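K.L.:
Take a look at the following structure, please.
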Amino acid sequence: MRRPIIAGNWKMNTCRESAAALIDGLKGEAAESRSDVEVIVCPPFPYLSLAAEKVAGSCIQVGGQNAWHEDAGAFTGETSCQMLKDVGCQWVILGHSERRQINGESDSLINQKTHKALSTGLGVILCVGELLEQREADQTEAVLEEQMTGGLAGVTAESMANVVIAYEPVWAIGTGKVATDEQAEAAHAFLRSWLEKRFNLDVAAATRILYGGSVKPDNAAGLLGQPNVDGALVGGASLKTELFIPIIQAGAASVA
Ligand code: 13P
């Protein structure tokens, strides 16, 4: 059985005070050592240490939103995987569509980062997803295949135990335009069959595939109830405890 993951990608939001308040608000709900769902928060870099200190003793885990693929050196503005680990992260989001689009990240750069994160001992949340025009041109599967092939090049079946895939259709991110349950399930089923072909049946059966893109309390149960949807990567709704907690509960209910 795949344990659902509900991850909050805070993007470039919060301040020291609101970051602390957000985690305090989640702790009541997620603090008991729940075995039904994994909860991850991904604050901006400046608040990672604070987040890691605040979640201590709860089951909430912390992730970075990006990392660089070198250990140290003259890489102004970058953050190494080791630094993320050092401040208490267990996870890193890689290949988010905002980094692909705004920062021009390629599949090969994302692949280098993936290898570095895995060798550093971080779990990777690898994001893939098509643009609206690609969906409309019936290219969704081709795009997903290209991003998976590039992003996971050279990754072994054993290492896949530390990789989570996030399917985030770009047209659904921050738009309020959520994929239908059927659209999400079809893409997730395609990704799982790709994992079986590229790795094996065990990897395909064990890998968590999260959906991301305008997940809210009112659509979470439908999405998370799909057989191949193993959790959610939540943007806007992860910034409000009154929205994020019901999504965590929907994740738990999806396996109850
Ligand atoms: P929204 O939930 O705000 O659409 O963002 C999704 C996302 O990009 C999560 O990584």
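Read the figures in this text as sums done on the coordinates, not as results from a lab. What you are looking at is a predicted structure, and each value in this text was computed from that prediction instead of being measured. All Cβ positions, glycine included, derive from the backbone under ideal geometry; neighbour counts span all protein chains shown.
K.L.:
Which far-off residues, 5 or more places away or on another chain, put their amide H under 5 Å from the one on VAL234, with H placed in the peptide plane?
P.N.:
The answer is ALA7, GLY8, ASN9.
K.L.:
Please give the calculated 222 nm ellipticity per residue for the chain, where each DSSP H segment of at least 4 residues contributes -39500 (n - 2.57) and the sum is spread over every residue; nearest 500 deg cm²/dmol?
P.N.:
-13000 deg cm²/dmol
K.L.:
Dividing the alpha-carbon Rg of segment 138-256 by 2.2 N^0.38 Å yields what?
P.N.:
1.06
K.L.:
How much net charge surrounds GLY154 when only other residues with a Cβ under 13 Å from its Cβ are counted (Lys, Arg +1; Asp, Glu -1)?
P.N.:
+1
K.L.:
At q = 0.10, 0.13, 0.14, 0.18 Å⁻¹, what log₁₀ I(q)/I(0) does segment 57-181 have when each alpha carbon counts as one equal point scatterer in the Debye sum?
P.N.:
Values returned for q = 0.10, 0.13, 0.14, 0.18 Å⁻¹ are -0.33, -0.55, -0.63, -0.98.
K.L.:
Turning to a different aspect of this structure: Please list, or write none, the lysines whose alpha carbon is within less than 24 Å of the alpha carbon of LYS240, excluding same-chain residues fewer than 8 places away.
P.N.:
Hits, sequence-local ones excluded: LYS11, LYS27, LYS54, LYS177, LYS216.
K.L.:
Now, a different point. Which three semi-axes in whole Å describe the equivalent ellipsoid of segment 1-69, each the square root of 5 times a Cα gyration tensor eigenvalue, listed largest first?
P.N.:
20, 15, 10
K.L.:
Another question about this same structure. Summing +1 for each Lys or Arg and -1 for each Asp or Glu, what net charge is found among the other residues whose Cβ lies under 15 Å from the Cβ of GLU136?
P.N.:
That works out to -2.
K.L.:
I've got another one for you. Calculate the translational D of the chain in whole µm² s⁻¹ from Stokes-Einstein, where the hydrodynamic radius comes from the Kirkwood formula applied to all Cα pairs, the temperature is 37 °C and the viscosity 0.692 mPa s.
P.N.:
182 µm²/s
K.L.:
Once every Cα of segment 43-114 carries one equal point scatterer and solvent is ignored, give the base-10 log of I(q)/I(0) from the Debye formula at q = 0.17 Å⁻¹, two decimals.
P.N.:
So the normalised log intensities work out to -0.64.
K.L.:
Ok, one more. Evaluate the Kirkwood expression for the hydrodynamic radius of segment 1-128, namely the inverse of the mean inverse distance over all pairs of different C-alpha atoms, and round to one decimal in Å.
P.N.:
About 15.0 Å, per the Kirkwood formula over Cα pairs.
K.L.:
For segment 97-152, compute the orientation-averaged projected area of the C-alpha convex hull (one quarter of its surface), in nm².
P.N.:
3.8 nm²
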